[in-house]
2 protein chains.
Amino acid sequence: MSFQKPSVPKGTRDFGPEEMQRRNYIFDTIRSVFRLYGYLPIETPAMENLTTLLGKYGEEGDKLLFRILNSGDFLKDVPAEYMHEPEFQRLWPYISEKGLRYDLTVPFARFVVQNRDKLTFPFKRYQIQPVWRADRPQRGRYREFYQCDADVIGSHSLLNEAELLKMADEVFSRLGLNISILLNNRKILAGIAEYIGEPEKLTDITTAIDKMDKIGPENVIAELTGRGLNTGAIDLLKPVLFLKGDNTEKLDSLKNILHHSETGLKGIEELEAVMGYTNALGLNSVISLDLTLARGLNYYTGAIIEIKSKDVSIGSICGGGRYDNLTGIFGMPGVSGVGISFGADRIYDVLEQSGRFPDVAAAGTKVLIVNFGEEGVRYCLPLLNSLREAGLGVELYPDAAKMKKQLSYADALRIPYVVLAGEDEMNCGMFTLKNMRSGEQQKIGAEDIINVIGVGKH
Amino acid sequence: MSFQKPSVPKGTRDFGPEEMQRRNYIFDTIRSVFRLYGYLPIETPAMENLTTLLGKYGEEGDKLLFRILNSGDFLKDVPAEYMHEPEFQRLWPYISEKGLRYDLTVPFARFVVQNRDKLTFPFKRYQIQPVWRADRPQRGRYREFYQCDADVIGSHSLLNEAELLKMADEVFSRLGLNISILLNNRKILAGIAEYIGEPEKLTDITTAIDKMDKIGPENVIAELTGRGLNTGAIDLLKPVLFLKGDNTEKLDSLKNILHHSETGLKGIEELEAVMGYTNALGLNSVISLDLTLARGLNYYTGAIIEIKSKDVSIGSICGGGRYDNLTGIFGMPGVSGVGISFGADRIYDVLEQSGRFPDVAAAGTKVLIVNFGEEGVRYCLPLLNSLREAGLGVELYPDAAKMKKQLSYADALRIPYVVLAGEDEMNCGMFTLKNMRSGEQQKIGAEDIINVIGVGKH
């Protein structure tokens, strides 16, 4: 019999105890801040109907969906004529009707529409779940990764934008990370497109300038030309994109430039209102107006938010914005929302590379009781019980293995205390408690162990 | 434009805030007990290679796997001759190489083999993740559901069985549920098969008697006959399966019956040892020896465990056992393990039907600050900040909506306190704090609000 060499699908990962402890540190931090700000948890199924997913992420996104093959005889609904010279795209609709979640935003929109009668608006939800994309795996890009989203839906107030920014600031402060917050507004971008005489080319413009970071200004200009912008428009655009000065100076220049564009001025007004609120709330990090910030997804209609690490160059670790019509596609138009999404996997990489993970053992176990055989086990079981009843993580080594093996188990799991009960101890009704860090040991009664160790201290 | 009526795939569910709060109560309870007993968390990918999954769950299980269609042109690897008269089973291996996790046990075995060099044995892991099965959906049976597994691998000690039973007892005690714990041992079943002269029919016998609960003794007998057991064997089997008396009496009878079967006696010895340990550990629930307990899966080699609710008739809510060769199929033979799995979705149903969910609001929010417009917002932002800094969940209603609307938001989310700051309050630098349950309200300074409400009290 030949054995399979076990492996996981490419782009996916196992998480062992140490990684889980670190991942949970991130998730717990984000979750506790979400809760503090009044966001409510929801979860949606891993599988969605393809009718829900297709067409929401552009042509490229559709290709990156993981499709689930229909159960049983998946060929039974394929029209006979399609099987003569089969083309995979033509077969798709007949052999697969479900796909894996690609992000949390579209399932959330679907959720809101489907559950509208049960929800209280404004509805503030958070959702922390994995998503799947059939992207080419590479360093830092996985086919299964977690998103941590918070959105408010059913409120136009710009207080929401400010609260989300404050919340992100709080999350990264708690994680001990230095960040830059970049802010823009889609309406300002629309105003700029008007100003350069190319209002109908807004999508082309945003798609191109969104790549500024990756490909640099020259290539962006080349792409804009490729997308049909004439030299005059580009000449008008350049100085706007590279406005100098602090936020106030930039906004003052913009007000001049966009004074004919109602939309543009509205965008400036929104941005100023958001900044006014965040100033009042007092953030630890600085917010910078970045006119090249567009973000790929086309559904943003107001604020556009992006957060980067100042310690590790890894791209965006959090992003979001305002969208006015996400639920429209599911038959519920005119509901405005705003949200942000934390990329837990990238935050993990930043914490790791900057050495900022707190040093905590994966195990919750504080005491290992050494196993000296049947008689010793019987002697120790009541102690095992009473320590656990006191809330202390305790293990009794299951086998009467060599002392060295048992102690190296405690070492490997960074268990801080070991209890030993040999003949001596049993004769006098005591235990030996050994501190694994200091090496100190003391003979002690069962009832005193908890006092020496303390609960929750380690 | 016609709108899609939004829906989720059949057999899957959305979880709103109230359900999430209840589900998390279950997960948190299980997780905290797992940790108290020294189990370490791991997670594995939702997708596994089909080579990992296929053949591990029987022919029926293979059919219930959700298969992921290969990305892009999934037809490109299909041999041309297979497309002439395509049969779905013949196409499977060429168009799909990944499937969704069907349980947590096989991925865990794969994980252990793949990560053997990084792990410390005995390895005690827990894993709480969803699994997917293309079962026909029905009441209480879903296509996506959570398993909560704890296993010890790399130790033969029967202390592990006892600890798992104690741990399950602790979980259900904390959840406030009354349970029956059923215990059996595969070696006793093997001994019985020897005793009735049909040792090679062990699988047939266990498969049939495993259905005792569902189809009753007469149908089990009929099935045994159908599976080729002769009348003589069945006549010997019947009194053994329906032994009377308490555990001790049953075991005494069994010792007589199985005195020629080495395996059978070994099973009795194991069972007595486990019961000895659980007696010493002191469980809240009673453990009953149940010789009809076999459980479907064929990989158990020692203890077989099943737990049922005494309050709601819903089948097994937790189960497990000892397996001696689960990792063998991945090239790592001779590693013994034992584990249990909690069915979170059924536990949810039991808690709901027996009215035992604690009454906790889904929202973590303790205070809603009413929004009286721009000036009031500015006045309240410092309070919002300081209450959150004190760890209190607070929301400022984002829109200056009608008072009634804002208060009914607080009602719907069961937020216990509301803060109001109109002109009066602003003039004297105070706030009005209203207790939403009692209706009482008082004028109060910002610094006193936290004292009145307390942190974590509600």
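The values are calculated or read from the model by the stated rules, or taken from the named source; none is laboratory data. Predicted, not measured: the structure shown is a model, and the values here were computed from it. We place every Cβ from the backbone using ideal geometry, glycine too, and count neighbours over all the protein chains shown. The accessibility values were calculated without ligands, DNA or RNA, using every heavy atom of the protein model including side chains. Shrake-Rupley method; radii C 1.70, N 1.55, O 1.52, S 1.80 Å.
Of all residues in the stretch A:204-216, those that are open to solvent by 20 Å² or more (accessible area, probe 1.4 Å) have Cβ atoms under 8 Å from Cβ atoms of residues that are among the basic types (Lys, Arg), 6 or more apart or on another chain, in A:ASP204/A:ARG227; A:THR207/A:ARG227; A:ASP210/A:ARG295. Would you check if A:ILE304 is touching a residue at least 12 places away in the same chain (Cβ under 8 Å), within 12 Å of chain B (Cβ to nearest Cβ) and either open to solvent by less than 20 Å² (accessible area, probe 1.4 Å) or at positive phi (or both)? The answer is no for A:ILE304. Of all the criteria given as (1) within 30 Å of B:LEU159 (Cα to Cα); (2) among the hydrophobic types (A, V, I, L, M, F, W, C); (3) surrounded by fewer than 23 Cβ atoms within 10 Å (Cβ to Cβ); (4) touching a helix residue (DSSP H, G or I) at 6+ places or on another chain (Cβ under 7 Å), the one not satisfied by A:LEU368 is (3). Selection of the stretch A:246-285 for residues being assigned to a loop (DSSP other than H, G, I, E, B) and in contact with a strand residue (DSSP E or B) (Cβ under 7 Å, 6 or more places away or on another chain) yields only A:SER285. Based on this model, can you work out whether A:LEU53 counts as open to solvent by less than 50 Å² (accessible area, probe 1.4 Å), of a type in the set (A, V, I, L, M), touching a residue at least 24 places away in the same chain (Cβ under 8 Å) and more than 20 Å from B:PRO107 (Cβ to Cβ)? For A:LEU53, the condition - open to solvent by less than 50 Å² (accessible area, probe 1.4 Å), of a type in the set (A, V, I, L, M), touching a residue at least 24 places away in the same chain (Cβ under 8 Å) and more than 20 Å from B:PRO107 (Cβ to Cβ) - is met. Has the stretch B:181-199 got at least one residue that is within 18 Å of the chain's Cα centre (by Cα) and within 14 Å of another protein chain (Cβ to nearest Cβ)? No, the stretch B:181-199 contains no residue that is within 18 Å of the chain's Cα centre (by Cα) and within 14 Å of another protein chain (Cβ to nearest Cβ). Among the residues of the stretch B:78-96, the ones that are outside any helix (DSSP H, G or I) and either free of Cβ contacts under 8 Å to residues at least 12 places away in the same chain or in contact with a Gly (Cβ under 7 Å, 6 or more places away or on another chain) (or both) come to 4 in all. Return the residues of the stretch A:1-42 that are touching a residue at least 24 places away in the same chain (Cβ under 8 Å), more than 7 Å from chain B (Cβ to nearest Cβ) and of a type in the set (A, V, I, L, M); say none if nothing qualifies. Answer for the stretch A:1-42, where residues must be touching a residue at least 24 places away in the same chain (Cβ under 8 Å), more than 7 Å from chain B (Cβ to nearest Cβ) and of a type in the set (A, V, I, L, M): A:ILE26, A:ILE30, A:VAL33.
Which of the residues that make up the stretch B:163-203 are free of Cβ contacts under 8 Å to residues at least 40 places away in the same chain and among the small types (Gly, Ala, Ser)? Show your work before the answer.
First, the residues of the stretch B:163-203 that are free of Cβ contacts under 8 Å to residues at least 40 places away in the same chain: B:193, B:197-202.
Scanning the stretch B:163-203 gives B:ALA193, B:GLY197.
Annotation note: Cβ proximity below 7 Å between a residue of the stretch A:149-162 that is open to solvent by 10 Å² or more (accessible area, probe 1.4 Å) and a residue that is among the charged types (D, E, K, R) (sequence gap 6+ or interchain) occurs for A:SER157/B:ASP399; A:LEU158/A:GLU270. Would you be able to say whether some residue in the stretch A:341-359 is in contact with a strand residue (DSSP E or B) (Cβ under 9 Å, 6 or more places away or on another chain), facing chain B (nearest Cβ under 9 Å) and surrounded by 15 or more Cβ atoms within 10 Å (Cβ to Cβ)? No: the stretch A:341-359 contains no residue that is in contact with a strand residue (DSSP E or B) (Cβ under 9 Å, 6 or more places away or on another chain), facing chain B (nearest Cβ under 9 Å) and surrounded by 15 or more Cβ atoms within 10 Å (Cβ to Cβ).
Scanning the stretch A:295-316 for residues that are assigned to a strand (DSSP E or B) and under 24 Å from A:ILE205 (Cα atoms), which turns out farthest from the chain's Cα centre (by Cα)? Steps first, please.
Residues of the stretch A:295-316 that are assigned to a strand (DSSP E or B), as a first pass: A:303-309, A:316.
Pick out the ones that are also under 24 Å from A:ILE205 (Cα atoms) and you get A:303-308, A:316.
Working: A:ALA303: 20, A:ILE304: 17, A:ILE305: 15, A:GLU306: 13, A:ILE307: 12, A:LYS308: 13, A:SER316: 11 Å.
Ranking the qualifying residues of the stretch A:295-316, first place goes to A:ALA303.
Would you check which residues across the stretch A:127-142 are at the interface with chain B (Cβ under 9 Å from one of its Cβ atoms) and surrounded by fewer than 24 Cβ atoms within 10 Å (Cβ to Cβ) and list them? Show your work before the answer.
Filtering the stretch A:127-142 down to residues at the interface with chain B (Cβ under 9 Å from one of its Cβ atoms) leaves A:130, A:132, A:134.
Within the stretch A:127-142, A:PRO130, A:ALA134 meet the criteria.
Restricting attention to the stretch B:56-79, the residues that are open to solvent by 30 Å² or more (accessible area, probe 1.4 Å), among the small types (Gly, Ala, Ser) and more than 21 Å from A:ASP77 (Cα to Cα) total 1.
Is one or more of the residues making up the stretch A:446-458 under 30 Å from A:GLY176 (Cα atoms), at pLDDT below 95, in contact with a Gly (Cβ under 7 Å, 6 or more places away or on another chain) and not in a helix (DSSP H, G or I)?
Just the residues of the stretch A:446-458 that are under 30 Å from A:GLY176 (Cα atoms), to begin with: A:453-458.
When the remaining residues are screened for being at pLDDT below 95, the result is A:453-458.
After this cut, where a residue has to be in contact with a Gly (Cβ under 7 Å, 6 or more places away or on another chain) as well, the list is A:455.
Now restrict to residues that are not in a helix (DSSP H, G or I): A:455.
Scanning the stretch A:446-458 turns up at least one residue that is under 30 Å from A:GLY176 (Cα atoms), at pLDDT below 95, in contact with a Gly (Cβ under 7 Å, 6 or more places away or on another chain) and not in a helix (DSSP H, G or I).
Report whether or not B:SER96 is open to solvent by 30 Å² or more (accessible area, probe 1.4 Å) and either closer than 30 Å to B:ASP359 by Cβ or within 8 Å of another protein chain (Cβ to nearest Cβ) (or both). Considered against the rule, which asks whether it is open to solvent by 30 Å² or more (accessible area, probe 1.4 Å) and either closer than 30 Å to B:ASP359 by Cβ or within 8 Å of another protein chain (Cβ to nearest Cβ) (or both), B:SER96 comes out as no. If a residue has to be facing another protein chain (nearest Cβ under 10 Å), open to solvent by less than 20 Å² (accessible area, probe 1.4 Å) and either among the aromatic types (Phe, Trp, Tyr) or touching a residue at least 24 places away in the same chain (Cβ under 8 Å) (or both) to count, how many in the stretch A:386-409 make the cut? Residues flagged as facing another protein chain (nearest Cβ under 10 Å), open to solvent by less than 20 Å² (accessible area, probe 1.4 Å) and either among the aromatic types (Phe, Trp, Tyr) or touching a residue at least 24 places away in the same chain (Cβ under 8 Å) (or both) within the stretch A:386-409 amount to 9. Name every residue in the stretch A:333-385 that is acidic (Asp, Glu), in contact (Cβ under 8 Å) with a residue 24 or more places away in the chain and over 28 Å from A:TYR299 (Cα atoms), in order of residue number. The answer is A:ASP349, A:GLU352, A:GLU374, A:GLU375.
Evaluate the following for A:ARG101: is it open to solvent by less than 10 Å² (accessible area, probe 1.4 Å), closer than 27 Å to A:ARG136 by Cβ and among the basic types (Lys, Arg)? So A:ARG101 passes the test.
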